[in-house]
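First the structure, then my questions, so here it is.
The values are calculated or read from the model by the stated rules, or taken from the named source; none is laboratory data. In this text, all values refer to a predicted model and were calculated from it rather than measured experimentally. Note: ideal-geometry Cβ built from the backbone for every residue, glycine included; neighbour counts use all protein chains shown.
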Amino acid sequence: MPSGLGDTTAFSYAELAAATGGFSEGNLLGQGGFGYVHRGVLPGGREVAVKQLKAGSGQGEREFQAEVDTISRVHHRHLVALVGYCIDGARRLLVYEFVPNSTLEHHLHAKGLPVMDWAVRLRIALGAAKGLAYLHEECDPRIIHRDIKSANILLDDNFEAMVADFGLAKLTSVNHTHVSTRVMGTFGYLAPEYASSGKLTEKSDVFSYGVMLLELLTGRRPGDRSSYGQDGLVDWARQALPRALGDGNYDDLVDPRLRGGDYDPTEAARLVACAAASVRHAARRRPKMSQIVMALQGDLPLEELSDGVRPGHGGAAFSSSSGGSGSGSEYGSGSYTAQMERIRRAALPSPEYSSEYPGSIPEYGHPSPASSVDRDDRRRQGGRRWLVHD
Ligand SMILES: Nc1ncnc2c1ncn2[C@@H]1O[C@H](COP(=O)(O)OP(=O)(O)OP(=O)(O)O)[C@@H](O)[C@H]1O
Ligand SMILES: [Mg+2]
């Protein structure tokens, strides 16, 4: 009989191999930055997703168990529950509740699927916000997700959002190379202060959540520059969102597949105001997740998202910036895209990475070949250590 910490089950490797048909190809659900994920069925019939952390990414047993214990205590309708784990020599596996309807990324961007309608998008935005608000504001200890992106929003059969992989980046942060490649892999969602100095707070999750809202709203990938000239999604949004909030016309923002009145303008205003506030340059000016939950539900006047800066008092709540892309009081120091590109070039000097933006990172969302980063990590002791120690 498996034993465990708290309400988490400790599985043997043999039990998980049996549950997944020997980690068979047929049961492979996908692969992310941490390793393979297989579907499994436990002896009682419960469906699970088994994530094998890459060899060498494991912490010591004691630290691993402590983190697993923290994560497994978290239970919320919009958070994917950790049901167990396995430590077997150097192997580390995590066993999650199975979420049947793939990811938000898949439903937004895969070809040949029905268009997600407006109500579904709003429900996903709200569910994910509730899950994150719980992690940030109700958990003890509080948990910063660190890797919010559409691929980490799983969906159930009713298209309710289930936030996956919270705390996982911390669980594997001992593996330096792995974390640095992962940070690179999700660059399009990264808060600028986290990217530039490694400063990690709940507000860096809020930034990434804001990027995900932009993705829901527009149907575009964060790294897709084809529709926005030199600007990425964030810089484009910093110009376009305040304008739309000013004139109440959201037609140019919403996913072209939803145009022709297939969205509710009142709800669009809420979503747009939340996105605009979440991708602010200054972390302290971004709202808390609980404020976003209220705003999306219509329980918070949208002006409250303006962080106390009232129109006519040193900058309108959502004023469009006056200068070039993203400059001006609202969004601070210049273009997000340009800043991230500078950081990326400095961190990954290999020609393989130097010329293009996140969306076109080779194997986007997956670990890149480690060699260039290994080299980089050795050369940059000190200055770049934030990339590997967060
Ligand atoms: N609990 C789960 N239930 C069902 N499918 C899952 C579950 N967890 C993961 N998956 C599937 O496995 C795939 C890979 O997940 P994984 O988390 O490893 O990758 P990722 O989210 O793209 O990257 P990251 O490593 O940054 O989280 C997902 O795209 C999803 O389809
Ligand atoms: Mg994931």
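Matching residues to (1) of a type outside the set (Lys, Arg); (2) within 23 Å of Leu216 (Cβ to Cβ); (3) more than 16 Å from ligand 2 (Cβ to nearest atom):
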| position | (1), (2), (3) |
| --- | --- |
| Arg121 | no, yes, yes |
| Glu138 | yes, no, yes |
| Ile144 | yes, yes, no |
| Leu168 | yes, yes, no |
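Please specify each residue of the range 24-45 satisfying the condition of being in contact with a Ser or Thr (Cβ under 7 Å, 6 or more places away or on another chain) and away from ligand 2 (no atom under 16 Å from the Cβ).
Selection gives Asn27, Gly40.
Confirm whether Val80 is out of contact with any Pro (no Cβ under 7 Å at 6 or more places or on another chain), aliphatic (A, V, I, L, M) and more than 23 Å from Asp7 (Cα to Cα).
When the stated conditions are applied, Val80 does not pass them.
Also: Inspect the range 59-67 for any residue being within 26 Å of Ala129 (Cβ to Cβ), at pLDDT 95 or above and away from ligand 1 (no atom under 14 Å from the Cβ) and give the result as yes or no.
No - not one qualifying residue is present in the range 59-67.
A follow-up question, please. Would a scan of the range 288-295 turn up a residue that is in contact with a Lys or Arg (Cβ under 6 Å, 6 or more places away or on another chain), at pLDDT 50 or above, closer than 30 Å to Ala110 by Cβ and assigned by TED's automatic domain parsing to the domain that holds Ser197?
yes
Considering only residues that are closer than 14 Å to Cys86 by Cα, crowded, with 18+ Cβ neighbours inside 10 Å and among the hydrophobic types (A, V, I, L, M, F, W, C), which ones fall in the range 43-71?
The answer is Val48, Ala49, Val50, Leu53, Phe64, Val68.
Within the range 61-114, work out how many residues are more than 15 Å from ligand 2 (Cβ to nearest atom), part of a loop (DSSP other than H, G, I, E, B) and free of Cβ contacts under 8 Å to residues at least 40 places away in the same chain.
The qualifying residues number 8.
Take Leu132 and tell me if it is closer than 18 Å to Asp7 by Cβ, touching a residue at least 24 places away in the same chain (Cβ under 8 Å) and touching a Phe, Trp or Tyr at 6+ places or on another chain (Cβ under 8 Å).
On the way: closer than 18 Å to Asp7 by Cβ: no; touching a residue at least 24 places away in the same chain (Cβ under 8 Å): yes; touching a Phe, Trp or Tyr at 6+ places or on another chain (Cβ under 8 Å): yes.
It is false that Leu132 is closer than 18 Å to Asp7 by Cβ, touching a residue at least 24 places away in the same chain (Cβ under 8 Å) and touching a Phe, Trp or Tyr at 6+ places or on another chain (Cβ under 8 Å).
Looking at (1) closer than 23 Å to His106 by Cα; (2) at pLDDT below 95, which is the only condition Gly198 fails?
For Gly198, the failing item is (1).
Let me ask something else. Could you grab me the full set of residues in the range 253-302 that are of a type in the set (Asp, Glu) and in contact with a helix residue (DSSP H, G or I) (Cβ under 7 Å, 6 or more places away or on another chain)?
Selection gives Asp255, Asp262, Asp264, Glu267.
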